[in-house]
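> Here it is, the structure in full.
The values are calculated or read from the model by the stated rules, or taken from the named source; none is laboratory data. Note that the structure is a prediction, hence the values are computed from the model and not measured. Neighbour counts are summed over all protein chains in view; Cβ atoms, including those assigned to glycine, are modelled from backbone coordinates with ideal geometry.
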């Protein structure tokens with residue numbers, strides 16, 4: 001995928017240095033603390049639950065190991081569902097995490113089909129044509145584009161989990177997070193922990209109104225626990 005030179009051209013010197021420092025921190029965290037999240041969210045989740053999550057759903061899971069909120073738990077025997085519309089990345093899940101249910105779909109407010117723009121670097125991939133064009137002008141490469149099935153969160157629960165309880169719901173979808181949580185039936189499906197990237201006022205108010213309390217805020221994510 002993106003080479004070091006390409007990343008330098010895309011992000012500029014300042015951000016390239018920042019990303020390099022993050023990568024060094026990631027290597028240290030992985031080797032010493034066995035944490036794979038970007039800012040040790042997996043350790044926070046484990047502490048809040050007082051046990052390793054046994055079941056999880058990871059929406060916008062991206063890479064199966066790097067900066068991943070559920071890989072620590074997969075290593076200890078937890079199993080779950082990884083949702084990733086990027087075909088290149090979901091194929092890596094099939095190889096590296098074959099005991100999970102790995103789905104090449106998207107999650108949204110309603111059931112539909114949308115065009116997915118697969119970019120390089122893959123973290124900039126998006127369902128937004130406008131956003132994709134902006135990223136391409138900034139130096140990203142369009143690797144592919146293709147239709148992806150979108151289903152609501154409540155349909156995901158009903159189809160793949162049925163009556164199973166869920167310990168952890170992780171959401172990281174580059175601005176679509178609020179629409180995703182709006183597509184759930186919170187009277188029926190209540191994850192014990194929600195780790196979500198978008199911490200806007202709308203997301204906070206929505207989850208708090210459904211009896212979740214905000215327990216932790218990291219640089220990239222907010223973590224809520226079910227108080228019902």
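> Restricting the range 183-198 to residues that are within 15 Å of residue 169 (Cβ to Cβ) and out of contact with any helix residue (DSSP H, G or I) (no Cβ under 7 Å at 6 or more places or on another chain), which is surrounded by the fewest Cβ atoms within 10 Å (Cβ to Cβ)? Walk me through how you get there before you give the answer.
Residues of the range 183-198 that are within 15 Å of residue 169 (Cβ to Cβ), as a first pass: 183-186, 188-198.
Filter once more, so that each one left must be out of contact with any helix residue (DSSP H, G or I) (no Cβ under 7 Å at 6 or more places or on another chain): 186, 188, 190-191.
Values: 186: 19, 188: 10, 190: 18, 191: 24.
By that ranking, first place goes to 188.
> Give me the pairs: first residue in the range 22-37 and at negative phi and surrounded by 13 or more Cβ atoms within 10 Å (Cβ to Cβ), second residue part of a helix (DSSP H, G or I) and at pLDDT below 75, beta-carbon distance under 7 Å, and six or more apart or on different chains, which are they?
35/29; 36/30
> For the range 96-111: of the residues being at pLDDT below 95 and over 16 Å from the mean Cα position of the chain (by Cα), which is nearest to residue 69 (Cα to Cα)?
Per the stated criteria, the residue is 109.
> Tally time: how many residues in the range 138-192 are in contact with a strand residue (DSSP E or B) (Cβ under 7 Å, 6 or more places away or on another chain), assigned to a loop (DSSP other than H, G, I, E, B), modelled with pLDDT of 95 or more and more than 18 Å from residue 70 (Cβ to Cβ)?
2
> So, residue 93, is that one farther than 22 Å from residue 220 by Cα, at pLDDT 90 or above and surrounded by fewer than 21 Cβ atoms within 10 Å (Cβ to Cβ) or not? Talk me through it step by step, then tell me what you get.
Numbers: farther than 22 Å from residue 220 by Cα: yes; at pLDDT 90 or above: yes; surrounded by fewer than 21 Cβ atoms within 10 Å (Cβ to Cβ): no.
Against the criterion (farther than 22 Å from residue 220 by Cα, at pLDDT 90 or above and surrounded by fewer than 21 Cβ atoms within 10 Å (Cβ to Cβ)), residue 93 does not qualify.
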